[in-house]
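The values are calculated or read from the model by the stated rules, or taken from the named source; none is laboratory data. Computed from a predicted structure; not experimentally measured. Reconstructed Cβ throughout: ideal geometry from the backbone, glycine too, with neighbour counts over all protein chains shown. Just so you know, the surface numbers come from the protein's heavy atoms only, side chains and all, with ligands and any DNA or RNA stripped out. Shrake-Rupley method; radii C 1.70, N 1.55, O 1.52, S 1.80 Å.
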Amino acid sequence: MLLKLFLFAILLNTPMVVQSQETPVIKAVDSTLANQPKVIPVINIVQEMEKIKKALKQIENKIEPKKRVTEIDSLIPVYEELIKERQGYVQNFIKANPNRQKVDNQINKWTGYQDYLKGWESTINVYEERNAILAEEILPKEQIWELTYQNAIKENVPPELLTNIKGVLDEVLLVSKKIKDENIYFLRLESKINNQNLIIQAVIEELITLKNSDVYQLFYLRHPILWKTSFKTVKTDSDEKAGVESISENIRNILAFAKSSENDIYLFFIVLGLIIAGMIYIRKGYFKYEIKEPQDDLQKAKDLIVNKTVWGIMFISILCARFFFINTPQLFDDILIFLILVCALPLVQTYMDKRFKNISYFVIFLFVLDTAKTYFWFSSPNYRIYLLVEAILVAATVLYFTYPYLKTRTLFQNQFGGFLIRLTPTVYLLLIISIVSNILGYTNLTDLTIKICTQSSKLTIVFYAIWKMTKGITLGITHINFSRRENFDPIKKRTLEIKILQLLKVCVTIFWVIYFLKMIDLLRPFSEFMNSFLTEPYKVGSITFTLGVILTFIAILAVSFLITSFISFLLDGKDVDFKIVKLPKGIPAAISLVIRYFILAFGTVLALSSLGIDLSQFNLMAGALGLGIGFGLQNIISNFISGIILVFERPILPGDTVEVNNLLGTVNKIGVRSSRISTYDGAEVVVPNNNLISNDLINWTLSDTIKRIEIVVGTTYKSDPNEIIKVLSDVANEHKDVLKTPPARALFTDFGESALNFKVLFWVHFENGLQTKSDVSVAIYNRFKELDIEIPFPQRVIHIPQESKNITRAAIDIVPPDKQKPNQNS
């Protein structure tokens, strides 16, 4: 049936699609007529004039010259001179046959120039897009008031009104002209910026070509053997100074950068405040919630966050500054890396053996020694001696901390430390290659090997500190979230922690590999290879796709799912509590549901857009789906709407005890289609949301958790009702779980057939109801037994007809006397 309805919908929609394809002219005419400007009636002209003047004033305020654009316009000539001057330096730099590191520094510098101009271009583009919107907005007004003015002349309106209309029309035309003039101005600025970008791009390509030339191949003999090298100053080496910025020049660049990035600095201070607040929150959480489970990594994470809070804040803040500020001077960037290393020392030394605690200081020293080459000019022979000394110092450091190697290797069997110890022979091999290649004149190979030995240790310490900090923060958030719940499953908590830590470890490893490839100058070729591989088109039938598009589609969906899972982890649950904003029970779960489904919907649309799918093509499917929903998916849609009602109306909440359709249990989760209820027998029942909305639902814990218990008891007619009422009241009030307000009450209900009937009513918390009822019932029995108060049992009188009596006597006579049962009167 559903298939027939689907095909019917397709056939129903097909003629309309064909018609729209065969008669596009008619559709275009209709659209034009609908959007055609209309004349303003004479009676409404005065009111419309007031509205248009306010609108024009707002538009004029928006197109006023902005301070940022004025600054860009004034800085373009200065930047043109700078680029021209630096371009001359580059030519001298290339002639001086510089080493690979200096070429990399030049490429980074010119890339910074390019990024800076792209920032200007992006700012100009924002204003151009704004003016395009304003131009679309002003054009209909211009046409409307032109037609209104012509119509006013035809209708012979008063001269004063005609003058006012002409004045409004002139103002509209003037604002339209201002928008066009400003667009021309923006295009002129953008053209100048683009010209400089082309010059910079040409310089970068020239430097990349130089870097990829045979001179910079690893096994290219650039210099003679070291003992045949003359240490006299070579004249051509002086040109190489063009590629080296002095420390004083770098300091001036830092001051200029700070002045031009004032707004970014203010924004960074806001980020810094958020970092401090987050660390303090996690630290307090570790103090507030005691670690009960025997978990070594959680305890170590607590010690790191609690004892190294200041160092952790400084490390994260400087690390964020490293990525927050772009196009920074080289000296500023190196200072940030140095501070990151200094702040990482206390974080990683906590997890290091005593023997290796001081190795971090040597790593910092070697980093400074390797970085100093950027700010000092060396002649080629002196530079080779510098590299030789650096390699010897690295070898001495490694030997000092690992000798004897075999014994050291047996002492450290843990996963990460043991892996690093096993890399020691590789480091020795690289150092030997560095020294030998330097002596023989293969300095390109020397640069690479010494960089791997010095820079990889820096990367390892930084990323190890990142791993430990993210681990401490993640375990802290998980511990706080679970610990504030009344009851949680430790196994579920541990499983979640393991999954998150595995994901974090993979992410940290991937970023380490990326930076390592960048360090050894393989990131660019690797990126080009991956870009070529992922953008290679494939065709299956009429569908053309690339692997990059598919991976982007999967990545967007995966990120959307991870974000929604994280939001659900933070906001779902009955124990969620916001300290700043007091929200009613259930509101966080409703907020979580709305945000999660909005993110999923947005992620799905974005993922489909990444595939190049036009969502308007789903109109036909949407029509067929509508029919399917109307006829075949009524229950699903009904449950979906019911789920939304449950979330926002909140008649039940997770953790409530409910009773529906003879089903009594605790609500575990409220979904958009169904809800899960755990019964007291241990079963978990999936209940469609429509059943919870349409049927009678008893929520025992919606507004409060107090429940009234009723116990019915009877006594013989010999008992004193006043005494019984007092006894029942006293017994109930004496129980520790019975609430004192309202007090327990005993009532005489009726005269029974064989007993005086009483009931005792008292209030308890719902979770204590069954046990309290049992305890009070037993206490009543014991008290009655002490006071000799009898609880009667029902008495019945049986009348036997005369014929039945004769038959009974005859049966008794047949049975032998020894087997006859004694006569019992009822």
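The table for this structure:
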| item | result |
| --- | --- |
| Cβ pairs under 9 Å, 6+ apart, first in the stretch 36-49 and modelled with pLDDT of 80 or more, second among the small types (Gly, Ala, Ser) and surrounded by fewer than 14 Cβ atoms within 10 Å (Cβ to Cβ) | Met49/Gly167 |
| Residue list for the stretch 735-762, filter: of a type in the set (Val, Ile, Thr) and open to solvent by less than 40 Å² (accessible area, probe 1.4 Å) | Val738, Val760 |
| Which numbered condition Asn327 misses (of (1) open to solvent by 60 Å² or more (accessible area, probe 1.4 Å); (2) not in a helix (DSSP H, G or I)) | (1) |
| The stretch 53-93, subset out of contact with any Gly (no Cβ under 9 Å at 6 or more places or on another chain) and of a type in the set (Val, Ile, Thr), residue modelled with the lowest pLDDT | Ile63 |
| Some residue of the stretch 203-219 being assigned to a loop (DSSP other than H, G, I, E, B), within 21 Å of Ala96 (Cβ to Cβ), open to solvent by less than 90 Å² (accessible area, probe 1.4 Å) and of a type in the set (Gly, Ala, Ser) | yes |
| Selection count where residues are open to solvent by less than 50 Å² (accessible area, probe 1.4 Å) and either hydrophobic (A, V, I, L, M, F, W, C) or not in a helix (DSSP H, G or I) (or both), scope the stretch 133-148 | 5 |
| In the stretch 149-169, the residues that are open to solvent by less than 50 Å² (accessible area, probe 1.4 Å) and in a helix (DSSP H, G or I) | Tyr149, Asn151, Ala152, Leu161, Leu162, Ile165, Gly167, Val168, Leu169 |
| The stretch 673-708, residues that are open to solvent by 30 Å² or more (accessible area, probe 1.4 Å) and assigned to a loop (DSSP other than H, G, I, E, B) | Arg673, Tyr680, Asp681, Gly682, Ala683, Asn695, Asp696, Trp700, Leu702, Ser703, Asp704, Thr705 |
| Of all residues making up the stretch 168-223, the number that are in contact with a Phe, Trp or Tyr (Cβ under 8 Å, 6 or more places away or on another chain) and under 30 Å from Gly441 (Cα atoms) | 10 |
| Search result, residues across the stretch 365-394 that are of a type in the set (S, T, N, Q), over 37 Å from the mean Cα position of the chain (by Cα) and in a helix (DSSP H, G or I) | Thr374, Ser380, Asn382 |
| Flag for Lys718 being within 30 Å of Ile791 (Cβ to Cβ), touching a residue at least 60 places away in the same chain (Cβ under 8 Å) and either in a loop (DSSP other than H, G, I, E, B) or among the hydroxyl-bearing types (Ser, Thr, Tyr) (or both) | yes |
| Residue that is modelled with the highest pLDDT, among those in the stretch 639-652 that are open to solvent by less than 40 Å² (accessible area, probe 1.4 Å) and part of a helix (DSSP H, G or I) | Ser642 |
| Test result for Thr371, at pLDDT 85 or above and of a type in the set (Ser, Thr, Tyr) | no |
| Test: residue in the stretch 60-71 that is more than 20 Å from Arg188 (Cα to Cα), assigned to a helix (DSSP H, G or I) and open to solvent by 90 Å² or more (accessible area, probe 1.4 Å) | no |
| Pairs where the first residue, in the stretch 142-163, is closer than 21 Å to Lys178 by Cβ and the second is in a loop (DSSP other than H, G, I, E, B) and open to solvent by less than 80 Å² (accessible area, probe 1.4 Å), C-beta under 7 Å, 6+ apart | Gln143/Pro37; Ile144/Pro37; Ile144/Ile40 |
| Residues of the stretch 220-255 classified as modelled with pLDDT of 75 or more, within 27 Å of Gly88 (Cα to Cα), open to solvent by less than 60 Å² (accessible area, probe 1.4 Å) and in a helix (DSSP H, G or I), total | 2 |
| Ile337 being part of a helix (DSSP H, G or I), open to solvent by less than 50 Å² (accessible area, probe 1.4 Å) and out of contact with any Phe, Trp or Tyr (no Cβ under 9 Å at 6 or more places or on another chain) | no |
| Residue within the stretch 95-112 that is open to solvent by 40 Å² or more (accessible area, probe 1.4 Å), more than 30 Å from Thr328 (Cβ to Cβ), assigned to a helix (DSSP H, G or I) and of a type in the set (Val, Ile, Thr) present | no |
| Single unsatisfied condition, Ile433 versus (1) assigned to a helix (DSSP H, G or I); (2) under 22 Å from Lys211 (Cβ atoms); (3) open to solvent by less than 50 Å² (accessible area, probe 1.4 Å) | (3) |
| Meets criteria (surrounded by fewer than 20 Cβ atoms within 10 Å (Cβ to Cβ), among the aromatic types (Phe, Trp, Tyr), more than 29 Å from the chain's Cα centre (by Cα) and not in a helix (DSSP H, G or I)) for Phe362 | no |
| Complete set of residues in the stretch 763-776 that are part of a helix (DSSP H, G or I), of a type in the set (A, V, I, L, M, F, W, C) and either closer than 14 Å to Asn733 by Cα or open to solvent by less than 10 Å² (accessible area, probe 1.4 Å) (or both) | Val776 |
| Pairs where the first residue, in the stretch 195-207, is closer than 15 Å to Phe93 by Cα and the second is modelled with pLDDT under 90 and of a type in the set (Lys, Arg), C-beta under 9 Å, 6+ apart | Val203/Arg86 |
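Residues checked against (1) open to solvent by less than 50 Å² (accessible area, probe 1.4 Å); (2) within 22 Å of Leu345 (Cβ to Cβ); (3) part of a helix (DSSP H, G or I); (4) not hydrophobic (A, V, I, L, M, F, W, C):
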{"position": "Arg283", "(1), (2), (3), (4)": "no, yes, yes, yes"}
{"position": "Tyr286", "(1), (2), (3), (4)": "yes, no, yes, yes"}
{"position": "Glu290", "(1), (2), (3), (4)": "no, no, no, yes"}
{"position": "Pro294", "(1), (2), (3), (4)": "no, no, no, yes"}
{"position": "Asp297", "(1), (2), (3), (4)": "yes, yes, yes, yes"}
{"position": "Ala301", "(1), (2), (3), (4)": "yes, yes, yes, no"}
{"position": "Val306", "(1), (2), (3), (4)": "yes, yes, yes, no"}
{"position": "Gly312", "(1), (2), (3), (4)": "yes, yes, yes, yes"}
{"position": "Arg322", "(1), (2), (3), (4)": "no, yes, yes, yes"}
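Residues checked against (1) touching a Leu at 6+ places or on another chain (Cβ under 7 Å); (2) at pLDDT below 85; (3) not hydroxyl-bearing (Ser, Thr, Tyr):
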{"position": "Tyr442", "(1), (2), (3)": "yes, no, no"}
{"position": "Leu445", "(1), (2), (3)": "yes, no, yes"}
{"position": "Lys451", "(1), (2), (3)": "no, no, yes"}
{"position": "Thr454", "(1), (2), (3)": "yes, no, no"}
{"position": "Thr470", "(1), (2), (3)": "yes, no, no"}
{"position": "Thr474", "(1), (2), (3)": "yes, no, no"}
{"position": "Ile477", "(1), (2), (3)": "no, no, yes"}
{"position": "Arg485", "(1), (2), (3)": "no, yes, yes"}
